[in-house]
Amino acid sequence: MRNRVVRRSAASSSLSRRGISGGPFAILVQPMNASEFDKFAEEYRSLHQANIAASGEAPEYFAEYKMKDLRRLVSGGSGRC
């Protein structure tokens, strides 16, 4: 049986040195400036609003519902919101 040498790119070696593995489930997080974040948030809100349009409710309604439901779950309550 022959030994196989696997060469890593400079980028993967750099990531390994920083403790980030290069497997299939590795997640690389890059900093995002405020304007990039604002653009992403607006695109997300628009997409979400389009997806819930049939309900007749605004995204804020569902955000509030999720908060109430989370509070119920955390407090150990079993009743509906």
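Each reported figure results from applying straightforward, stated rules to the coordinates on display, with no laboratory input. Please read these numbers as outputs of a predicted model, since none were measured by experiment. In this analysis, Cβ positions are derived from the backbone assuming ideal geometry, glycine residues included, and neighbour counts consider all displayed protein chains.
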(Q) Using the basic label-point model (7 angstrom from Cα toward the beta carbon), what is the ALA63 to SER46 distance in nanometres? (A) 1.8
Q) What list of ³J(HN,Hα) values in whole Hz, one per residue of segment 42-55 in order, does the Karplus curve 6.51 cos²θ - 1.76 cosθ + 1.60 (θ = phi - 60°) give from phi, with Gly and Pro shown as x? A) 5, 5, 5, 4, 4, 5, 4, 4, 5, 5, 9, 3, 5, 6
